[in-house]
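The values are calculated or read from the model by the stated rules, or taken from the named source; none is laboratory data. Remember, predicted model here, so these are calculated numbers, not experimental data. Here the Cβ positions follow ideal geometry from the backbone for every residue, glycine too, while neighbour counts run over all protein chains shown.
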Amino acid sequence: MDGIDSVFHPARYERDSDQRAVDSDSPDRAGPRPDSNPKTYSALLAMLPPLPAGAEILDVPCGSGALTWLLLKQGYRVTPCDVHPGKFALHEPRCRTVNLNQGLPFADGFFDAAFFCEGPQVLENTAGALREFWRVLKPGGSLLIALPNTTSLYSRLRFLFTGFFSGFIRPYNELTGEGNFHPMTLPELRFLLHRSGFRIEAVATNRYKWSGLLLILLAPAIWIATGAMVLQKSRGGMRKGGLELWRQLTSFPLLFGRSLLVRATRMEALSRGES
């Protein structure tokens, strides 16, 4: 379960998606304007396990509906939700008004998969949202997450000099509360997922910031220091999880990628064991 993104081919997926769009008779043929980099959608879709046509998928926050549109092209039944449904650009399906800080208005075990794209960094109650995703997903269902990658060497260096991670507004908007304001590290996200009844199956990125490769000489030192820090406290039942986390934190996608992408599986019961 090391979850490295080298098996994913976003560019190839984008070509396939473009062809499907040309062949479609939908009035929304061009698709909505993306809220995120299109490579984020391509990489997330490449991480989605095979599902039958008609599978129920939740997309929240859906924004303009660009990811919803791509999922519809795959033949899935998609339920788009957002706290600002007026941004949704598709005629169908209807976008439901949902505030993830307050829960999800769906039955237990209804969805086969859920997309949480660019959501964790804008929520006040990420832990509660993850528990709600666990509730509405079927056992074995997939949760696919995208958020700014605070683990990258470029983002770490920016924080060292400015106090702000890459991908976050500067300063945070204290008047409206909108925008990215909750920098979340992989260890924090992993902890919340595993404590909420999920298990991380793969980590990946959407694209690389090539200027960040100037920091590649730091990678060996990062690998040693991270391993020493993680394994120092990973004793007993935590050792396996510590080794997994070490490999994830020092993987090439996380050290040099722009976004952190995660695929997690919904387990049968809420976890209270190893994180």
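For the structure I just gave you, tell me whether S152 is of a type in the set (S, T, Y), surrounded by 19 or more Cβ atoms within 10 Å (Cβ to Cβ) and either modelled with pLDDT under 80 or in contact with a strand residue (DSSP E or B) (Cβ under 7 Å, 6 or more places away or on another chain) (or both). When the stated conditions are applied, S152 passes them.
Can you find a residue in segment 59-79 that is assigned to a strand (DSSP E or B), out of contact with any helix residue (DSSP H, G or I) (no Cβ under 8 Å at 6 or more places or on another chain), modelled with pLDDT of 95 or more and closer than 19 Å to L45 by Cβ?
Scanning segment 59-79 turns up at least one residue that is assigned to a strand (DSSP E or B), out of contact with any helix residue (DSSP H, G or I) (no Cβ under 8 Å at 6 or more places or on another chain), modelled with pLDDT of 95 or more and closer than 19 Å to L45 by Cβ.
Condition check for G140 on (1) within 25 Å of S36 (Cα to Cα); (2) in contact with a strand residue (DSSP E or B) (Cβ under 7 Å, 6 or more places away or on another chain): one failure, at (1).
Counting only residues that are touching a strand residue (DSSP E or B) at 6+ places or on another chain (Cβ under 7 Å), closer than 29 Å to A269 by Cα and not in a strand (DSSP E or B), how many does segment 84-108 have? Qualifying residue count for the region: 1.
For segment 77-134, a residue qualifies if it is surrounded by fewer than 18 Cβ atoms within 10 Å (Cβ to Cβ) and aromatic (F, W, Y), and exactly one does: F110. Residue pairs whose Cβ atoms lie under 6 Å apart, sitting 6 or more positions apart in sequence or on different chains, and linking a residue in segment 236-265 that is in contact (Cβ under 8 Å) with a residue 24 or more places away in the chain to a partner that is outside any helix (DSSP H, G or I) and among the aromatic types (F, W, Y), are F256/Y208; G257/Y208; A264/F198.
Among the residues of this structure, L270 counts as one that is at pLDDT below 90, hydrophobic (A, V, I, L, M, F, W, C) and not in a helix (DSSP H, G or I).
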